[in-house]
Each structure stands twice: as C-alpha cells, then as structure tokens.
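Here's the structure, in structure tokens; my notes come after.
The values are calculated or read from the model by the stated rules, or taken from the named source; none is laboratory data. The structure displayed is predicted, hence computed values, not measured ones. Here the Cβ positions follow ideal geometry from the backbone for every residue, glycine too, while neighbour counts run over all protein chains shown. Accessible surface is based on the protein model in full, side chains and every heavy atom, while ligands, DNA and RNA are left aside. Shrake-Rupley method; radii C 1.70, N 1.55, O 1.52, S 1.80 Å.
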Amino acid sequence: MFDICEGPSTPRNTHYLLPLSRRTAVPPEEKSYLNSLGALDLPDKDVCSSLLRCYFRNVHQLLPIIDTQEVLANYLGPGPENMSLLLLWSIFFASSNFVESDILERAGFRSRKVMKRNFYRRAKALYDCDYEKDKLTLIQSVILLGLWYNDTNDRNGAWHWIGIAISLSQSIGLHRRLRLAVPSNPIPERREKLYRRIWWTCFVRDRWLSLANGQPMRIRTSECDLPAPSVSDITDEIETMDPATRCKYIPWEPTALARLWLRLVHISQALGSILERHNKVNESRPGVTEIQSCEQEIALCSMDSAELEYTDPMMRLFASQLQLLYEATTVVLYRPYIFKGPVDSDEAVTKLWQQKSLDRARSAAANTTRVLEGLLETSSIKNLKSMTITALIPAMQIHLLDCKSSNALVRQFASQKLQICMLALSELRDTYWGADFVFEIFQRAQSKLLNKFVNPLQQGRLPEVTSVQTSREPGTMQEMPPLNNVDTSGFNRCMSPDNGFEDRSNPHSVNTGSSRLVLIADELRYSLTNRRYFSDEVDFDHSFQFLLDSNDFSDLFLNMVYS
C-alpha cells in the first residue's frame, strides 16, 4: 500500500509504525477498585528513588527493556506522577526481589515477599483495567510481571506473562526486519535499538521458561529475521546520560554489561537449539552429528577468564549468574544420553557416549557447585535472579543421581555438593516462592534415599534437612545443617552393593516405561498443586520411590518448577 501511494521505497531496517496511544478515562467503579489497592498512589519519593536505583542495579542487567535515559529524565524532571503507572509499579515489583531491609521498613513491609505480592497486585490491577494503552509500555510491563510466581495454582505466572509479551511484540513486528521506509516519519535509531533489546529479552525468557516449565518454545527462529543485538544497543543511551545521574543510578560499566548480556543471548540460543532437538514429538533421539552441532554451539558461549574476575561486585555477580546458566545448558545437553546413546550409534559407541555424557554432566554440575560456594562466601546468593532456580535443577539432578552410585567416594562428594545447592536454595526462599518448591522436592528425594538405604539406628546416618513448609511466615529463614563434621561411613556402607544397592550408573540395570513416568509426573504435580507442603501420604511416597529406582533420567523435576 505504501509503495502504491508513495512509490518504491529504499530498503531500511525498521518496524511497524506504533499508533499514538490515547489514555481514556477510567470508569468510576474501576477507579474505586484501583484506589482500594493503592494502585493510583505511589510510595514516598525517597522509597520510589530507592526502588528505581535497585531496579537499575539488579534487574536492568538481565532485562534491558526500558530506555534508561528517557525513564530517568521523566522521573527526575516532570516527576513519577507523569509517568506510566503500570510501568512504574512493574519496575517497583521487579525491584522488590532485591530491596534491603531499610527500604522494606520505610515502605511499611515486613519482607520481600509481602512487598512483591502487594506491588504485583497493583500492577496487575492496572493491566486488567486496561489503564495503559501504549503497546510498547504494555510489552515492557508484562515482561517485568513475568518475574511473578506464587504457586502452581496461579494461572498468571511467568509463562502467562511472557506469552502476552511475545504476542504483543509480534503484533507490532518487533521480530521482523522490515524493508519499508517512510521518509516523512523515520523511526529514531535509539528507538530501534530499544526494540531489538525488547525482542531479544523476550527470546531469552522464552527459552528458559520453556526449560523450566517443560512447555514448547513460543518463538520460532525460522519466522524471525531481526538482527542480533550489539554492544552499542546498550551502551549508546547510557554513555550520553548526565554523568551525575548515571553515577547515582547506573554505577556499572556499560560495555562490560553489554558483552555479558550478549553472552546471555548466545547461551539462550544454544539452549533453544538443544530443546528443539530434544522435544520433538514422535521422532527418534538426535544423532551424533546433531549432538556435536549443539556441543560446538555451547563451546562458543563459554565464559572468558576475564569475565569471571571482575572486581566490581555487581558485575562479578552477573558473570556468576551467566556461568550458572552456561553450566545448566551443558547438563541439559548431555543429560538424556547418560542412559541412552545417540540414535545412530551401535552398542560400543553408545557406551562411549553414555560415559562421556556422564563425565560432562558431572563436570558441569561440579562447576555449578563451585560458583555457588563463591557466592555463599561473599553473601551474594540473596541477590541472584529468579532464573538461578532453573539453572540449579540440572546440576542437583546429577548430584542426586551420584548419591546412588556404588562408589562410596562419589556418593560422599555428591551428597556434599547437593547440600551446598540446598543451602543456596534455602537463601533464595526468602525471596522466591519457586525456591520453596524445588527445595521441598529435593529434600524429599534425599529423605527417600536415606530411608531406603540407611538403618535409622546406625550412628553414621547423614543429618536430614529439617522440613520447612512452603506456607511459612514470610521473612523467616530455616537454617541448613552444617556441612562439616558429618560422618558418612554408615551411609556409605548401607548403600553398598553388599546390601542390595545397585550401581545406577549402569544404563542396563533397570528398564522403565515412559508411560509409567508420565503417571509419576502427574502424581508429583498433583502433590505440588494440592498441598502447601509434602505430607507422608502413600501415593506421594510411592511416586518418589519409583523415581529414585528409575534409570530413566527424566525431566520430572524441571517440569514442576517455574522461575
């Protein structure tokens, strides 16, 4: 149509024109509802400023979806009252995962979880009342609301919100490189860079939430031709900011941040390639060539030594977060081949691939534990992003598998590594509900191993992690047992082959059916959905017993966790 009216246009990378939004008056009954939730009233100015600083220090690194210069200019100029309330409450909600106790006290909340729930309700109410009309602002807001997760009964969790963000982005063409220019109304280059950051953030969230939920990926790369982001997409708008404002709100070095974020995009691309091959319906497992292609893609995403040695605490924390995601992607690649080799391999090649996959997965899981140890030593665990929960699960699965090994040394080391992961999860439970569920699942798995193979009267029994209900009072912390001074001799003796314990590293020792595993997954999911904590009912115990006896190393844990 433009070609007909304006004549042939010069090809140009741009996007669909966004119509100007016009905010309509809120009906009285909706305004009354929003007032009752406090959605139309912002916190005190000092609290708002603290939350905004917290956002740029902790959230923007992973989700660079807003124009920092524009947002800060509007906030410090006309004031927050003239900004989008939906976007502001979404920013404050995302910030609540990282606020310190003094901000909580000034805002009148007793814990991060209470603040997070309160801010989320306000932002969601504004969204439900159709308060915001601007599509780009809606996309930015729902991406941030995608950090919400309460329990498995909540239909409006991360998977729901990222689906809306992707749909809205596609509706305005953020996923495409258009070849149509309108000379009279060109889109500013800075705006195009913002569009690229928004779309690739949707891509990253889509891949990791697909892994966490066991759901199909929504974004198909064959239908997208938007160029990959570049360092300048992040750095340009920051480097032109007022130095005083930048020092106060954005203390990190923008080029280093941009490179780390690009690495996150590449890791997510590698993860998507793996999931695409593993999740095909009614098709055989990937062959050696396909697996090697994924190996090469992951190898290109490995962290540089300089990136792991940042002196700035925030940059070092972000680099550690990426290292955890990288190691998780490695485990996800090799995990299916620990028990079953590639489809096109003979028996000898299958055994080699099984051993190689186990070694590579163990190495990645051990690297995950080492990263956590460093974060625990610096008390940085509490500032990790919600994606960390998803990243820990593959490593914890490998440690749990090794807790059943016939090798006593492997069992002992695996148990200690698993306890470090559990300690990290326990730190995250004050902030993320998802950490509660993962903690409970692996706690019960450990308990089942101990109850089955350890005589309760033996002196050498490993201490069991104290059970904590997920409905505990917000802000409380359940202490983990110390890792030192633990006598594992009795545990190791009772798990030996002499006592009837089989070596589960042998891929041929047990043969399980996929239909049975589906039933087990349903039972476990039912337990998560209908119980606030795990009881001792027979059906749940039976499910875990079968899971621990099974050699089919499935994704049962992953399918039940939302980040």
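The length gained on full extension between Val410 and Glu295, counted as 0.36 nm times the residue separation minus their Cα-Cα distance, comes to 38.8 nm.
Could you calculate the FRET efficiency of Asp44 with Leu376 from 1/(1 + (r/R0)^6), where r is the beta carbon distance between them and R0 is 22 Å, rounded to 0.05? Computed FRET efficiency for Asp44 and Leu376 comes out at 0.05.
Shown here for region 34-134: trypsin sites (Lys or Arg not before Pro) in loop regions (DSSP other than H, G, I, E, B) with at most 13 other Cβ atoms within 10 Å, namely Arg110.
Here Asn82 and Ser167 are evaluated by their C-beta separation; at R0 = 22 Å the FRET efficiency comes out at 0.15. Measuring how big region 283-379 is from its alpha-carbon positions, Rg and Dmax come out at 16.0, 50 Å. Measuring r between the beta carbons of Glu223 and His160 and using R0 = 25 Å, the FRET efficiency lands at 0.70. Taking amide H as placed 1.01 Å from N in the peptide plane, the amide H of Asp344 sits under 5 Å from that of Val288, each at least 5 places away or on another chain.
Note the full-extension length gain between Asp130 and Val114 as 0.36 nm times their separation in residues minus their Cα-Cα distance, in nm to one decimal.
Roughly 3.3 nm would be gained on extension.
The dipole here belongs to region 228-364: it is taken about the Cα centre, uses +1 on the Cβ of Lys and Arg and -1 on the Cβ of Asp and Glu, and is about 600 debye.
How much accessible area per residue does region 212-293 have, in Å², with a 1.4 Å probe?
48
In plain terms, the chain from Ser305 to Ser32 could stretch by 92.7 nm, reckoned as 0.36 nm per residue minus the Cα-Cα distance. One compactness figure for region 241-297 is 1.87, namely its Cα radius of gyration divided by 2.2 N^0.38 Å. Of the GluC sites (Glu not before Pro) found in region 298-350, the ones in coil according to DSSP and having at most 11 other Cβ atoms within 10 Å of their Cβ are Glu309. When the charge dipole of region 265-313 is built from unit charges on Cβ atoms (+1 for Lys and Arg, -1 for Asp and Glu) and taken about the Cα centre, the candidate among Val281, Ser268, Cys301 whose Cα reaches farthest toward its positive end is Val281.
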